[in-house]
Every structure is written in structure tokens, then in C-alpha cells.
Amino acid sequence: MNVDSKKLQLLRTPLPEPTEEVLKEALGNTYGIYCQFLEGLNLEDIRLNWKFYKDGQAWLGKGIYGWTGPRGGRKETTVCWLSIWDGFFKVTVYVPDREKENMMNLPMKENLRKEIAETRKLGEKLRFFPVVFEVYTKETLEDLSKVLSFRKAVR
């Protein structure tokens with residue numbers, strides 16, 4: 001959902017770091033929704049690590065899910081990427097291409113199902129396709145939560 005045709009990505013310099021105050025100012029009215037998103041990550045045992053990426057010239061939050069493998073070793077997988085925009089935040093989930101059909105069986109809104117069906121994998125060598133959520137309202141969090149849960153289960 002695009003509320004404004006002028007989309008401006010924020011946090012494009014190494015300073016300031018994405019502190020609570022910086023995020024409150026950047027997100028404005030959607031800061032409360034961002035806090036609900038963080039609570040959802042916590043419930044799913046997904047931790048968010050912020051880092052400034054020089055290649056993309058932006059601060060990105062990397063959502064990481066960790067679990068213990070069958071032999072007791074610690075395993076991790078990246079389930080999502082978060083970027084901050086003027087008045088909203090964007091969450092991108094990269095799903096293995098082989099799981100697209102299974103993902104289509106999730107109970108989600110029809111417009112999201114259509115977007116996923118039309119999304120193509122990234123390049124020939126990468127075997128993932130992106131599912132991008134522009135989060136302006138808490139209603140978006142419902143489908144996002146289902147997709148994150150799904151992605152977390154895919155290894």
C-alpha cells in the first residue's frame with residue numbers, strides 16, 4: 001500500500017544510529033505499529049540486529065532466528081530485512097523459490113497472494129524471491145506475521 005508517491009528512505013548515513021528517539025522521529029504515527037512489530041518478532045524468537053551497510057548506504061535491521069540443531073549445535077537463519085522510510089517501515093522476507101507453492105496456501109489477503117504469485121526469483125543463481133511489506137497500518141502486521149512464521153520454519 002502506497003500512501004504517498006514520494007517514498008524517501010531514511011537512515012542513509014552512519015550517524016545517527018537507529019536509537020529509539022531517532023526511530024520515533026522518522027516513523028512518526030507508525031512508531032506504535034513498529035513497536036507492535038518488534039513485539040511480534042520477540043514472540044517468534046527473532047532478534048533484530050541493526051547495522052550500517054556501506055554498499056547500500058543505509059541502516060538495515062536484520063531479523064535472525066536461531067535454534068538448536070539435532071546434534072546440539074547452534075543454527076541461525078535470516079528471516080527478514082527492515083528499512084526505515086519517511087512515515088513507514090519496509091520489511092522484506094526472502095523465501096526459497098521451492099517454497100512458493102506452499103506459501104500460497106497460507107491464509108492471507110488476496111492482494112498479497114496475487115503479489116506473491118507475480119513475484120519472480122532474484123537472478124538465475126539466487127533461489128529466493130522477495131516478499132515486501134510496506135507497513136503503514138497494524139492490519140499489515142497480520143499477513144507479515146504469517147509470512148515470518150512460515151519463513152522461520154523453512155530451512
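Using the beta-carbon distance between residue 105 and residue 44 and R0 = 22 Å, what value does 1/(1 + (r/R0)^6) give for FRET efficiency, to the nearest 0.05?
0.65
Which of the three applies to the stretch 1-56, rounded, prolate or oblate, going by the alpha-carbon gyration tensor with a ≥ b ≥ c and a/c under 1.5 meaning rounded?
Because a/c hits 1.5 or more and a/b fails to exceed b/c, the stretch 1-56 counts as oblate.
Identify which of 48, 38, 15 has the largest mean-square fluctuation in a Gaussian network model of the chain, with springs joining Cα atoms closer than 10 Å.
Maximum among the listed residues: 15.
Apply 1/(1 + (r/R0)^6) to the Cβ-Cβ distance of residue 113 and residue 64, taking R0 = 35 Å, and write down the FRET efficiency to the nearest 0.05.
That gives a FRET efficiency of 0.85.
With 22 Å as the limit, write out which pairs from 54/138; 100/125; 7/138; 54/121; 24/51 have Cα-Cα distances beyond it, or answer none.
54/138; 54/121
Order the peptides 50-58, 68-76 from the highest to the lowest mean number of other Cβ atoms within 10 Å of their residues.
Ranking, from highest mean packing down: 50-58, 68-76.
Along the stretch 48-63, what does the Karplus equation 6.51 cos²θ - 1.76 cosθ + 1.60 (θ = phi - 60°) give for ³J(HN,Hα), rounded to whole Hz, x for Gly and Pro?
Coupling constants for the stretch 48-63: 10, 10, 8, 8, 8, 9, 5, 5, x, 6, 7, 7, 10, x, 9, x Hz.
Along Cα→Cβ, 7 Å out, is where each label goes; now give me the distance between the ones at residue 31 and residue 154 in nm to one decimal.
3.5
Could you give the spread of the C-alpha atoms of the stretch 20-153 along their three principal axes, from largest to smallest, in whole angstroms?
Principal extents (largest minus smallest coordinate, Cα): 39, 39, 31 Å.
Add -39500 (n - 2.57) for each DSSP H run of 4 or more in the chain, then divide by its residues: what number comes out at 222 nm, to the nearest 500 deg cm²/dmol?
The helix-only estimate for the chain comes to -9000 deg cm²/dmol at 222 nm.
Quick note: the coordinates plus some simple rules give every number you see, no bench work behind them. No experiment lies behind these values; they were computed from the predicted model shown. Here the Cβ is made from the backbone with ideal geometry for all residues, glycine too, and neighbour counts use every protein chain on show.
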